[in-house]
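In what follows, a structure is listed as structure tokens, so that the remarks can point back to it.
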């Protein structure tokens, strides 16, 4: 029975790798393995290094990205964040308060609208940075979120 | 996964919540468990990808996501997440 299950699982993976090119997906956990390991160290946040690891450059201008996050998060375990960047092809979110810098990377599909919301964890007061790639250029917006109770078990 | 997908004025708005503990490495260590969290979420309508996110341990427990895309009227949205352990879950929802 176990063996049967295993074979079925293998077939599933095979099917997934054989999807046509139009379906080709970008899983940055697989294509940019190192990005997710970039650490935030005391006095040396990893945000710029993470931006460089993902986009190939850390030349980033301010503007064009609308980042919405609370000024004060009473509970760091649930911090609502919204990112909007018209015309963006890729959007990524970073912060400098957790052990590692990268939070999420969105690839904006053809009919996707670059307007995303999610809830994140912040261990302590952090600068949250959203970066968007628009026409090959990088733009960012940073917001300080004050955390009164940490959300990473800290 | 709980999904709400609504079509209005040419745009589908999706709100979804996945049920997942999203244990970060620190949390897992404290609890004496293995870290495990959703690493990839993809949304499709038919063959077309409409949402794609590579995610980390820093998404909240039972992650909530919201996104929009053009089109989708009367069609079915298929959302799939995959976690660090390799487990995945697919949920289908008709767009209203």
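Summary table below
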quantity	calculated
Verdict on residue A:70 being facing chain B (nearest Cβ under 10 Å) and at pLDDT 95 or above	no
Per-region count, the range B:68-87, residues closer than 20 Å to residue B:24 by Cβ and surrounded by 13 or more Cβ atoms within 10 Å (Cβ to Cβ)	4
Residue list for the range A:91-123, restricted to those being part of a loop (DSSP other than H, G, I, E, B), at the interface with chain B (Cβ under 7 Å from one of its Cβ atoms) and touching a residue at least 60 places away in the same chain (Cβ under 8 Å)	A:99
Residue within the range B:35-42 that is within 8 Å of chain A (Cβ to nearest Cβ), out of contact with any strand residue (DSSP E or B) (no Cβ under 6 Å at 6 or more places or on another chain) and closer than 21 Å to residue A:114 by Cβ present	no
Every residue from the range A:97-137 that is surrounded by fewer than 22 Cβ atoms within 10 Å (Cβ to Cβ) and in contact with a helix residue (DSSP H, G or I) (Cβ under 7 Å, 6 or more places away or on another chain)	A:99, A:100, A:133
Those residues of the range A:27-57 which are more than 13 Å from the chain's Cα centre (by Cα), touching a residue at least 40 places away in the same chain (Cβ under 8 Å) and in a loop (DSSP other than H, G, I, E, B), in sequence order	A:40, A:45, A:46, A:57
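The values are calculated or read from the model by the stated rules, or taken from the named source; none is laboratory data. No experiment lies behind these values; they were computed from the predicted model shown. Note that we place each Cβ from the backbone using ideal geometry, even for glycine, and neighbour counts take in every protein chain shown.
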